[in-house]
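Q: I am attaching a structure below and will ask some questions about it afterwards.
The values are calculated or read from the model by the stated rules, or taken from the named source; none is laboratory data. Everything numeric here is computed off the predicted structure, so don't read it as measured data. When we count neighbours, we look across all protein chains shown, and the Cβ atoms used for this are built from the backbone with ideal geometry, even at glycine.
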Amino acid sequence: MITAPLPPEALARYPGLERLGRTTTRLHPRPGAVTPADSHVGGPLRWPADEPWPTCDVPYMVHEEVPIPADLATRMRTAERGRTRANVLTDDELDLHREIAALVGPGFSGWGSRNDGPLFGHRYVPRPHPVPNPMVALAQLRAADIPDLPRPGGADLLQVLWCPFEHSEAPWGPTVRLRWRREAELTDLLAEPPRGEVGTDRYVPRPCRLHPEQVVEYPYPDELPDDLRRLVDEDDDEDDEEADEEAEEEAEEEAADYVATFMAPGWKVGGYANWSLTDPRPTPCPRCAGPTTLTLVVDSWERGAARWQPPPSDGDPDEATGVVVGRHGALRVFACLSCPDVPFLLDQQ
Ligand SMILES: [Zn+2]
Ligand SMILES: [Zn+2]
């Protein structure tokens, strides 16, 4: 798992970009045997025996089906036949839609039937965990293995846990807990952590060894100085215009795609955040409102431009951890390294 070097012509295209480079450690999780002593995803944590295991008491979202009475379903079918254009609802349908929404109640998300069976309305409603839910160990990261791991207060170990449900609070996915520790202080360890309920299988990571690799990456275009950003915009426009011209050199095409060339996909620690989905959002510390540091990216895959692609012999890196965030997105943890208790905020792309 070695990232191909940045082609020299790629940097030459953007004068001054070089000095904005920042290191990040790509984690390259791959299924394998892990122990509490390792850095890993989905393995056992070195957890102090006398410290309570974190639990979650944030309500989670459940999908419910509400039967639609037969007469309402019949009226709906009749109204459907009044359509003059297949994709435009009739006024009667709109009225019935409102009627169904009122019947299904808060959290209404639509209706439908399976195999022409009875009609059901769908809703998502918050439900509290019956008891505070023991969290799942997501990752254990040692500064000794991961050069870009922040070390607030001299910590050299970060443990990340989450509750494997879709929750009713932003950013809607798992709730997350961080523990910053000093390895030397960990002596008497918990043998068997409690097991909690699982709402979403794709939030339960498969045990993976890490193969950390430090690389340099560059800011998201919107975070570049104006002159460089203009240059990136021009290249992207050019790229769009030339999209039809098959003759375009492959290497040139790759260089023109700034984000794919300069930003690392996949699980990583440190570096820059990719804001392709929402455009940059402020990430102030929830406590002091000061700046935060991108601490961890939990990604659904390692897909990117050719230089980031692991060798085919490496198995399918997209399936390595089994973790899929949102709609194949990434969860990013931004931590405040100035506040003593290291508050953090989550962003999902
Ligand atoms: Zn929860
Ligand atoms: Zn702070």
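Q: Based on what the data block shows, is Pro164 farther than 29 Å from Trp267 by Cα and either within 16 Å of ligand 1 (Cβ to nearest atom) or modelled with pLDDT under 95 (or both)? Outline the logic, then answer.
A: Numbers: farther than 29 Å from Trp267 by Cα: no; either within 16 Å of ligand 1 (Cβ to nearest atom) or modelled with pLDDT under 95 (or both): yes.
Criteria not met by Pro164.
Q: With the condition kept exactly as written, say whether any residue in the range 140-148 is without any contact (Cβ under 8 Å) to a residue 60 or more places away in the chain and of a type in the set (Asp, Glu).
A: Looking for residues that are without any contact (Cβ under 8 Å) to a residue 60 or more places away in the chain and of a type in the set (Asp, Glu), one finds none in the range 140-148, hence no.
Q: Of the residues Pro164, Pro147, Pro205, which is surrounded by 19 or more Cβ atoms within 10 Å (Cβ to Cβ), within 24 Å of Gly304 (Cβ to Cβ) and away from ligand 2 (no atom under 16 Å from the Cβ)?
A: Details: Pro164 fails: within 24 Å of Gly304 (Cβ to Cβ); Pro147 fails: surrounded by 19 or more Cβ atoms within 10 Å (Cβ to Cβ).
When all the criteria are applied, what remains is Pro205.
Q: Being within 16 Å of ligand 1 (Cβ to nearest atom) and touching a Lys or Arg at 6+ places or on another chain (Cβ under 7 Å) is the filter; apply it to the range 103-161 and report the residue that is farthest from Val323 (Cα to Cα). Talk me through it step by step, then tell me what you get.
A: Of all residues in the range 103-161, those within 16 Å of ligand 1 (Cβ to nearest atom) come to 124-138, 160-161.
Then keep just the ones that are touching a Lys or Arg at 6+ places or on another chain (Cβ under 7 Å); that gives 134-135, 161.
On the way: Pro134: 18, Met135: 15, Leu161: 13 Å.
Selected residue: Pro134.
Q: A further question on this structure: So which residues in the range 98-110 are surrounded by 15 or more Cβ atoms within 10 Å (Cβ to Cβ) and either modelled with pLDDT under 90 or part of a loop (DSSP other than H, G, I, E, B) (or both)?
A: Hit for the range 98-110 is Gly107, nothing else.
Q: Name the single residue that is surrounded by the fewest Cβ atoms within 10 Å (Cβ to Cβ) among those in the range 320-346 being part of a strand (DSSP E or B) and more than 16 Å from ligand 2 (Cβ to nearest atom).
A: Gly329
Q: OK, next. Among the residues of the range 51-63, what is the count of those that are touching a residue at least 40 places away in the same chain (Cβ under 8 Å) and either surrounded by fewer than 15 Cβ atoms within 10 Å (Cβ to Cβ) or within 16 Å of ligand 2 (Cβ to nearest atom) (or both)?
A: The total comes to 3.
Q: Any chance you could count how many residues in the range 71-97 are loosely packed, with under 10 Cβ neighbours inside 10 Å and in a loop (DSSP other than H, G, I, E, B)?
A: Total meeting the criteria: 6.
Q: Scan the range 41-57 and tell me whether some residue there is of a type in the set (Ser, Thr, Tyr), within 30 Å of Thr200 (Cβ to Cβ), modelled with pLDDT of 95 or more and assigned by TED's automatic domain parsing to the domain that holds Ala191.
A: Taking every residue of the range 41-57 in turn, at least one turns out to be of a type in the set (Ser, Thr, Tyr), within 30 Å of Thr200 (Cβ to Cβ), modelled with pLDDT of 95 or more and assigned by TED's automatic domain parsing to the domain that holds Ala191.
Q: Pro221 versus (1) crowded, with 19+ Cβ neighbours inside 10 Å; (2) over 24 Å from Leu337 (Cα atoms); (3) in contact (Cβ under 8 Å) with a residue 40 or more places away in the chain: which is the lone unmet condition?
A: All conditions pass for Pro221, except number (3).
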